[in-house]
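Asker: Please see the structure below; I have some questions.
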Amino acid sequence: MTLQVTRRQFFKLGAAGMATSSMAMMGFAPDAAQASIRHFKLTGAKITRNICTYCSVGCGMLLYSRGDGSINSTDDIYHVEGDPDHPVSRGSLCPKGAGVLDFIKSESRLSHPEVREPGSSEWKRISWDDALDRIARHMKDDRDANFETHDENGNLVNRWLSTGFLAASATTNETAYLTHKIVRNLGILSFDNQARV
Amino acid sequence: MAGLAPTYGRGAMTNHWVDISNANLVLSMGGNSAEAHPVGFRWVMEAKEKNNAKLISIDPRYTRTGAVADYEVNIRTGTDIVFLGGLINFLLETDQIQHEYVRAYTDVSLIVKEEFGFHDGLFTGYNPDENTYDKSSWSYEFDDQGYVKRDDTLQHPRCVYQLMRQHYSRYTIDMVENVCGIPSQNVQEVWNMIAETAVPDKTMTILYALGWTQHSIGAQIIRTGAMVQLLLGNTGLPGGGVNALRGHSNIQGLTDLGLLSNLLPGYMRLPSAEEQDYQGYIKKRAKQPLLPGEVSYWKFYERFHVSLMKAWYGDAAQADNNWCYDWLPKLTEPLYDVIYTFERMHKGKLTGYFCQGFNPLASFPDKNKTSEALAKLKYLVVMDPLAVETAEFWKNYGELNDVDSSQIQTEVFRLPTTCFAEDDGSIVNSARWLQWHWKAAPPPGEARPDVSIMAGLLHRLQRMYREEGGAFPDPILNLTWQYSNPEDPGAEELAMEYNGRALTDIYDSNRNIRRRKGELLDDFGMLQADGSTSCGCWIYAGAWTEDGNQMARRDNADPFGIGMTLGWAWAWPMNRRILYNRAAARPDGTPWGPEKRLVWWNGHRWVGADIPDFPDASPPSAGVGPFIMNQEGVGHFFGGSMMMEGPFPEHYEPFESPIVGNPLHPNNPQAVNNPAARVFPDDRARFGTAKEFPYAATTYRLTEHFHFWTTHAKLNSIMQPQKFVEIGESLANELGIKEGNKVRVSSKRGYIEAVAVVTKRIKPLQITGQTVHQVGIPIHWGFKGVAKHGFLTNTLTPAVGDANTQTPEFKSFLVNVEKI
């Protein structure tokens, strides 16, 4: 059974005192009051300021998450809105930005390191230490074997041309700066980001 | 970008999003910002409402931008230089230019060497065997003091004005109609609208994106647009400029930070192999003024360079070892770009490859070649938040990725990373604003930040080099690493490192202390060449000062009411919001008009709504030019030796063109396509002809999707679930294709299948007497994700790039279309 109660009826019922509030507790709230429950969805949420990760307009984004940072709780983003203070976007988000929660929580998000062995058709889960140890060993073996200190004209060139690196235009400046610092000092020249294409 | 720096001095969007609303006319060409930058595009609509501005859309297709434009025309893909060159010719011949601006702020009066010339589509110095130019004649005439000779009457036959006039005299309105396919009446009406902004107090802004960049002549298309804005006196003013609308959230930042094969942070350049001498390396880049008294700010190159070396190597970098100059890798090729790298990979010359949040199988031209190349690697490392196609290039997905896993010996690692919601840091929007953001939640499972992965690899390599020795470990072992958690450096401390700090007490010329040892720097004016400052990216100096994180500022006040919110975030350089803004005032320092007030001279210094992009105490009487990065202080019509294919932009056909020859040079086979383009023989063999593949294809993105990410997001996949191609009604009728039919689109390099959208939005064009049909192919969808799986569009595209940037020609190539 559903009981349709308008706001006016609800207040009339209110004159009946206690009975009304217990009706509301039993679920017989008026439409307007039910609608207002959505207003409470964000109460108690932590609001974190962010910038949209898609195009280069740089719209302000507010990420709403549950969890208060305490040690036994894990924050979980459950709502995204435009930042009304932002001078470019003024609270707007485009269809991509407005739907970014589905990217953050995509079922395609990777959660642990994996390796695909030569000739295999499957992924195999490995630990971070195994993954980084194996990759670093490949890097060092290749670098030691193919590092060029001099070119064919005898110029000092100190470069490593047999491994290349693509960096990501969605990472932060800080990540990019550190990535450049490491990659260039390994001697890598085949180094690009999405700006190249 | 590579077209803007040779013209104005910096390769970045000149103005900013909100400033678009100050325009009187908006030209959208080589981009479709209503589709690709929808929220930024609101400022175009604001210009229409606030200023009664008009919007012109020029695109191969009728687009979402075109739908709200006041004037909409369709152009054959890849012919923008013809349209813009014709416009230059029209403006010059009808004398509709901003005279005072052009004379004071551009190079029109400078005199070019006698040896310079242009004959039948080629500039002087061409070597057809190497596809390169000897650029020695592409220069000025100098006087005894080493300054450029000039003729302020503009009568000298070899002054830039006369040479430019002569060069574009061939770009007649009939030529434009014939090559671009736009009826001459429409061309004339658009030109008339644009010419109206030649008056001092009206501005046009140009919005472009990859529709200009992704051509074999992309950088020169951009340069032509930049030249138009100089002729009209629109650069440096509010509502003016050339606005490069970048495609990714931090592509500007990664470019600023030099994550490209030939760069160091802050647009400094790696040395070439011939540059064995440190002093010679600096001298070549510390560019001195070519006219008396000009700024030529690159003259301080050594300050930027030494400060970077101190940031990277700390105490190991000293004057007596040339600040570790020998440690830097040296270039033999001009670029080790992705086309070059995948060519070498395809030849088996690479052992390993890293993809950090980049999906080359989907994003690079000629997917089948990319796939074969990856299969020749010993190891591939993919760091990404998502399960992307590249990480599974070895896995069979039927026709969508038809490979035999057992035959592929590449060891592939897939490492999960955080996404933007899960880390702190700054990203740079198209308008050069560095905006800080904060972590809202932890990443899924064991995913890690990229910095932690990079640190983990570095520390392992350092340990192995210490224990085992090996090839040249010095730079690896001496890298500064003063982070509070060495395994996971924090965003704050990295930001302070690229901002820069004093390594000793720093004094000014009066021995007043400017900065104490260890303090953060205010701006790049504090950098020193003697090793007393460190700075990881000189143009970012000022982002995080002793006053704190400037990128996190949130004051959106706009005191002058023209959208210059100087207290919001922080923009490079020095928080200046409109580049070259000295040009927003007349030579005498007063604004060009009351509506165009931006910065002006108040009798003592430059003041106004923006931070002056200029020495703020240099009086108008000193006559210093507004383009402070250029050696002459003025904007360049004559590009000198900065571009690969010539000092003036010239039209060349796409490498796959639907017509025969180049109508501008019908008798010179060397001048059909970009004569300076680098094409590898194997790639050339994979070019098709109009005989086999008669239709001109172009690629683009959709509002609802972002590249190959959002096909992993449910909401986006519901809005645009499935791969389609757009085919004009008349071509569809010819081929018997109906709306919703499945079609096969093929190029010389492979095929894709998709649903046909038969549309009025694409119309056939009349080009040199023949009918040319264009086909539109969105880039999205792949064989991973939650959307309906589809073919990768880049199966079709050719591996040839712009001669300057090697950005692939994704926007113009040939296909055939069949109903299946």
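The values are calculated or read from the model by the stated rules, or taken from the named source; none is laboratory data. What you see is a predicted model, and the numbers here were worked out from it, not measured in a lab. Please note: Cβ atoms are built from the backbone with ideal geometry, for glycine as well, and neighbour counts cover all protein chains shown.
Asker: Inside the range A:45-66, can you point out the residues that are among the aliphatic types (A, V, I, L, M) and farther than 26 Å from B:G253 by Cα? So that I can check it myself, show each step before the final result.
Answerer: So the first thing to find is which residues in the range A:45-66 are among the aliphatic types (A, V, I, L, M), and the list is A:45, A:47, A:51, A:57, A:61-63.
Listed by number, the list holds a single entry, A:A45.
Asker: Let me ask something else about it. If I ask for residues that are acidic (D, E), within 7 Å of chain B (Cβ to nearest Cβ) and not in a strand (DSSP E or B), which ones from the range A:109-127 would you list?
Answerer: Initial filter on the range A:109-127 (acidic (D, E)): A:114, A:117, A:122.
From what's left, within 7 Å of chain B (Cβ to nearest Cβ): A:114, A:117.
Scanning the range A:109-127 gives a single hit, A:E117.
Asker: Among the numbered conditions (1) more than 7 Å from every other protein chain (Cβ to nearest Cβ); (2) crowded, with 24+ Cβ neighbours inside 10 Å; (3) of a type outside the set (A, V, I, L, M, F, W, C); (4) closer than 30 Å to B:G470 by Cβ, tell me where A:H86 comes up short.
Answerer: Only one criterion is unmet by A:H86, namely (4).
Asker: Inside the range B:510-529, can you point out the residues that are loosely packed, with under 11 Cβ neighbours inside 10 Å and small (G, A, S)?
Answerer: Result: B:G518, single match.
Asker: Count, please, the residues in the range B:395-414 that happen to be more than 8 Å from every other protein chain (Cβ to nearest Cβ), touching a residue at least 12 places away in the same chain (Cβ under 8 Å) and outside any helix (DSSP H, G or I). Explain how you work it out, then say what you get.
Answerer: Initial filter on the range B:395-414 (more than 8 Å from every other protein chain (Cβ to nearest Cβ)): B:397-404.
Remaining after also requiring touching a residue at least 12 places away in the same chain (Cβ under 8 Å): B:397, B:399-401, B:403.
Restricting the remaining residues to those that are outside any helix (DSSP H, G or I) gives B:397, B:403.
Total satisfying the criteria: 2.
Asker: If I ask for residues that are in a helix (DSSP H, G or I) and more than 20 Å from B:R10 (Cα to Cα), which ones from the range B:288-310 would you list?
Answerer: Within the range B:288-310, B:V306, B:S307, B:M309, B:K310 meet the criteria.
This table checks each residue for (1) more than 31 Å from the chain's Cα centre (by Cα); (2) facing chain A (nearest Cβ under 7 Å); (3) within 30 Å of A:D151 (Cα to Cα); (4) in a loop (DSSP other than H, G, I, E, B).
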{"site": "B:W312", "(1), (2), (3), (4)": "no, yes, yes, no"}
{"site": "B:N322", "(1), (2), (3), (4)": "yes, no, yes, no"}
{"site": "B:K369", "(1), (2), (3), (4)": "no, no, yes, no"}
{"site": "B:A373", "(1), (2), (3), (4)": "no, no, yes, no"}
{"site": "B:V381", "(1), (2), (3), (4)": "no, yes, yes, no"}
{"site": "B:P416", "(1), (2), (3), (4)": "no, yes, no, no"}
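Asker: Moving on. Looking only at the range B:583-601, how many residues end up being part of a strand (DSSP E or B) and of a type in the set (D, E)?
Answerer: The number of residues fulfilling the criteria is 0.
Asker: Among the helices (runs of 4 or more DSSP H) contained in the range B:205-276, which hold 2 or more residues that are aliphatic (A, V, I, L, M)?
Answerer: Result: B:218-231, B:251-256.
Asker: Please go through (1) in contact with a helix residue (DSSP H, G or I) (Cβ under 6 Å, 6 or more places away or on another chain); (2) at the interface with chain A (Cβ under 9 Å from one of its Cβ atoms) for B:F708 and return the number of the only condition it doesn't satisfy.
Answerer: Failed condition: (2).
Asker: Within the range B:598-649, take every residue that is under 17 Å from B:L230 (Cβ atoms) and among the acidic types (D, E) and give me the one that is farthest from the chain's Cα centre (by Cα).
Answerer: Among them, the one singled out is B:E632.
Asker: While we're looking at this one, here's another question. Can you find even one residue in the range B:256-271 that is under 30 Å from A:E148 (Cα atoms), more than 14 Å from every other protein chain (Cβ to nearest Cβ), of a type in the set (S, T, Y) and touching a helix residue (DSSP H, G or I) at 6+ places or on another chain (Cβ under 9 Å)? It would help to see each step written out before you state the result.
Answerer: Going through the range B:256-271, the residues under 30 Å from A:E148 (Cα atoms) turn out to be B:256-271.
With the extra rule that they be more than 14 Å from every other protein chain (Cβ to nearest Cβ), the set shrinks to none.
The answer is no, given that none of the residues of the range B:256-271 is under 30 Å from A:E148 (Cα atoms), more than 14 Å from every other protein chain (Cβ to nearest Cβ), of a type in the set (S, T, Y) and touching a helix residue (DSSP H, G or I) at 6+ places or on another chain (Cβ under 9 Å).
Asker: If we scan the range B:279-287, do we find a residue that is surrounded by fewer than 17 Cβ atoms within 10 Å (Cβ to Cβ), facing chain A (nearest Cβ under 9 Å) and either part of a loop (DSSP other than H, G, I, E, B) or touching an Asp or Glu at 6+ places or on another chain (Cβ under 8 Å) (or both)?
Answerer: The answer is no; no qualifying residue exists.
Asker: Looking for whichever is assigned to a helix (DSSP H, G or I), closer than 23 Å to B:G9 by Cβ and modelled with pLDDT of 95 or more here; the options are B:V102, B:V82. Which one fits? Explain how you work it out, then say what you get.
Answerer: On the way: B:V82 fails: closer than 23 Å to B:G9 by Cβ.
Every option except B:V102 fails the conditions.
Asker: Can you tell me which of A:R109, A:R137, A:R66 is free of Cβ contacts under 8 Å to residues at least 60 places away in the same chain and more than 17 Å from the chain's Cα centre (by Cα)?
Answerer: Details: A:R109 fails: more than 17 Å from the chain's Cα centre (by Cα); A:R66 fails: more than 17 Å from the chain's Cα centre (by Cα).
None of the other options fit; the residue is A:R137.
Asker: Going through the range B:432-468 one residue at a time, which ones are buried (at least 19 other Cβ atoms within 10 Å of the Cβ) and aromatic (F, W, Y)?
Answerer: B:W433, B:W436, B:Y465
Asker: If you go through the range B:551-563 one residue at a time, do you hit one that is more than 15 Å from B:N15 (Cα to Cα), touching a residue at least 24 places away in the same chain (Cβ under 8 Å), of a type outside the set (D, E, K, R) and more than 11 Å from every other protein chain (Cβ to nearest Cβ)?
Answerer: So far as the range B:551-563 goes, yes, one or more of its residues are more than 15 Å from B:N15 (Cα to Cα), touching a residue at least 24 places away in the same chain (Cβ under 8 Å), of a type outside the set (D, E, K, R) and more than 11 Å from every other protein chain (Cβ to nearest Cβ).
Conditions tested, residue by residue: (1) out of contact with any Asp or Glu (no Cβ under 9 Å at 6 or more places or on another chain); (2) over 20 Å from B:P615 (Cα atoms).
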site: B:N499; (1), (2): yes, yes
site: B:R516; (1), (2): no, yes
site: B:L520; (1), (2): no, yes
site: B:M526; (1), (2): yes, no
site: B:G548; (1), (2): yes, yes
site: B:R554; (1), (2): no, yes
site: B:W568; (1), (2): no, yes
site: B:R586; (1), (2): no, no
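Asker: Okay, next question. Of the residues B:F706, B:F655, which is buried (at least 20 other Cβ atoms within 10 Å of the Cβ), touching a Cys at 6+ places or on another chain (Cβ under 9 Å) and either without any contact (Cβ under 8 Å) to a residue 24 or more places away in the chain or in a loop (DSSP other than H, G, I, E, B) (or both)?
Answerer: On the way: B:F655 fails: touching a Cys at 6+ places or on another chain (Cβ under 9 Å).
Result of the check over B:F706, B:F655: B:F706.
Asker: So which of B:G78, B:G30 is touching a Pro at 6+ places or on another chain (Cβ under 7 Å) and surrounded by 24 or more Cβ atoms within 10 Å (Cβ to Cβ)?
Answerer: Values: B:G30 fails: touching a Pro at 6+ places or on another chain (Cβ under 7 Å).
Testing whether each residue is touching a Pro at 6+ places or on another chain (Cβ under 7 Å) and surrounded by 24 or more Cβ atoms within 10 Å (Cβ to Cβ) leaves just B:G78.
Asker: Separate question: Quick one: how many residues across the range A:152-197 are within 7 Å of chain B (Cβ to nearest Cβ) and at positive phi?
Answerer: Residues meeting the conditions: 2.
Asker: Here is a follow-up. Out of all the residues in the range A:48-81, which are more than 7 Å from every other protein chain (Cβ to nearest Cβ) and either surrounded by 24 or more Cβ atoms within 10 Å (Cβ to Cβ) or at pLDDT below 95 (or both)?
Answerer: Those that are more than 7 Å from every other protein chain (Cβ to nearest Cβ) and either surrounded by 24 or more Cβ atoms within 10 Å (Cβ to Cβ) or at pLDDT below 95 (or both): A:G60, A:M61, A:R66, A:G67, A:D68, A:G69, A:S70, A:I71, A:N72, A:S73.
Asker: Next question. Can you say whether B:Y353 is of a type outside the set (K, R), facing chain A (nearest Cβ under 7 Å) and assigned to a strand (DSSP E or B), as far as the supplied structure shows?
Answerer: Yes, satisfied.
Asker: Can you tell me which condition A:S106 does not meet? The list is (1) more than 7 Å from chain B (Cβ to nearest Cβ); (2) surrounded by 15 or more Cβ atoms within 10 Å (Cβ to Cβ), and all the others hold.
Answerer: Failed condition: (1).
Asker: How many residues does the range B:36-63 hold that are surrounded by fewer than 19 Cβ atoms within 10 Å (Cβ to Cβ) and within 14 Å of chain A (Cβ to nearest Cβ)?
Answerer: Residues meeting the conditions: 2.
Asker: Filter the range B:84-111 for residues that are small (G, A, S) and farther than 17 Å from B:M193 by Cβ and give the result.
Answerer: Matches in the range B:84-111: B:G85, B:A104, B:S109.
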